[in-house]
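Some notes on the structure that comes next.
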Amino acid sequence: MKNAVTTNIAIDGPAGAGKSTIAKRVAHELSFIYVDTGAMYRAMALYLIRQNISPQDPAGIEKACEQADITIVYEDGEQQVLLNGENVTSLLRTEEVGNMASASSPNPKVRRKLTALQQKLARKTDVVMDGRDIGTQVLPDAKVKIYLTASVHTRALRRYQELQEKGSAVSLEEIENDIQKRDEQDENRENSPLRQAEDAVLVDSSEMTIDQVAQKILSIYRERENA
């Protein structure tokens, strides 16, 4: 555990903006820990499933979530998610866990619990964390805050190409509509809506490569470090 003050980088933005890809790249370049907040919500979902809590039981979810301790460590350069000390990384991508995560993640008590765990992690070590409320709620004092976005069309096109490469028959128009709806839901949700923090730097990746975006964020970080 570090005694020195840690450095945190918060990357927020809408779905499909490339936050995770960029956050991982920046964390690797700086030898920081990349915190996958989505994986932490999935670990919470796994805990709730193991406690036999129904996705339709918000009171049960609220009561049970307090007993879960979730953190992220790196072993041989790979992210590992620990649930009450157990490595559960390989158990987080099932449909059952995904459905529970969708049901439990909007719960205010779940969000408060995971925010506290994410803040605890950020106090221990230098982190790059991405999500939709990192700069506004989770790490409001982060040294660097980035709001990473791209046009709806660009984000849809990236997703379309990704799915095509996997052999999926998809419609670009449908993907665009889905992203537009997701944006509206994220921006208008009651708890921790998606918005750009006042002191965040806006980075529009519509016309940028992954490398260019990563270098832009690294240059912003270095400017702050040398200020």
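Values in this text are rule-based calculations from the coordinates and carry no lab data. Nothing here was measured: the structure is a model prediction, and the numbers come from that model. Methodologically, a virtual Cβ is constructed for each residue, glycine included, from the backbone with ideal geometry; neighbour enumeration extends over all protein chains shown.
Each listed q (0.15 Å⁻¹) maps to a log10 I(q)/I(0) for the range 36-125 from the Debye sum over equal C-alpha point scatterers, namely -0.50.
With both labels modelled 7 Å from their Cα along Cα-to-Cβ, the Thr94 to Gln51 distance reads 1.8 nm. Under 5 Å between amide hydrogens, built in the peptide plane, is the criterion, and for Val144 it picks out Asn8, Ala10 among residues at least 5 positions away or on other chains.
Each residue of the range 141-154 was assigned a 3J(HN,Hα) from its phi angle through the Karplus expression (A = 6.51, B = -1.76, C = 1.60, θ = phi - 60°), giving 9, 4, 5, 10, 10, 10, 10, 9, 9, 6, 4, 4, 4, 5 Hz with x at Gly and Pro.
Taking the Cα centre of the chain as reference, the dipole from Cβ charges on Lys and Arg (+1) and Asp and Glu (-1) amounts to some 600 debye. With 0.36 nm allotted per residue and the present C-alpha distance subtracted, the Ala15-Ala169 stretch has 53.4 nm of extension available. In this structure, the residue pairs whose Cα-Cα separation is over 24 Å, taken from Lys145/Lys216; Lys113/Lys145; Lys181/Lys216; Lys124/Lys216; Lys120/Lys216, are Lys181/Lys216; Lys124/Lys216; Lys120/Lys216.
Within the range 102-145, which residues have the backbone N less than 15 Å from the label spot 7 Å out from Glu66 along Cα→beta-carbon, could you tell me? From the range 102-145, the list is 108-114. Taking label positions 7 Å along the Cα-Cβ direction at both Glu207 and Asn226, the computed distance is 2.6 nm, reported to one decimal.
Evaluating 6.51 cos²θ - 1.76 cosθ + 1.60 at θ = phi - 60° for every residue in the range 176-190, the Karplus couplings come out as 4, 4, 4, 5, 4, 5, 4, 4, 4, 5, 5, 6, 10, 5, 5 Hz, glycine and proline recorded as x. Would you mind counting up the charge near Leu163? Only other residues with Cβ under 12 Å from its Cβ, with Lys and Arg at +1 and Asp and Glu at -1. Summing Lys/Arg as +1 and Asp/Glu as -1 gives -1. Ordering Gln67, Pro108, Ala43 by Cα displacement along the dipole of the range 36-125 toward the positive end leaves Pro108 in first place; charges were set at the Cβ atoms of Lys, Arg (+1) and Asp, Glu (-1). Between Ser102 and Leu218, the FRET efficiency estimated from the beta carbon spacing at R0 = 35 angstrom works out to 0.55.
With R₀ fixed at 22 Å, the C-beta to C-beta distance from Thr6 to Val73 puts the FRET efficiency at about 0.90.
With distances taken between every two different alpha-carbon atoms, the chain has a Kirkwood hydrodynamic radius of 18.4 Å.
A crude spin-label estimate for the pair His28 and Asn188, with each label 7 Å from Cα along the Cβ direction, gives 3.9 nm.
With +1 on the Cβ of every Lys and Arg and -1 on the Cβ of every Asp and Glu, and nothing else charged, how large is the dipole of the range 36-125 about its Cα centre, in debye rounded to the nearest 20?
Dipole magnitude for the range 36-125 comes out near 460 debye.
Dividing the helix sum by the residues of the chain, where each DSSP H run of 4 or more adds -39500 (n - 2.57), gives a mean residue ellipticity at 222 nm of -15500 deg cm²/dmol.
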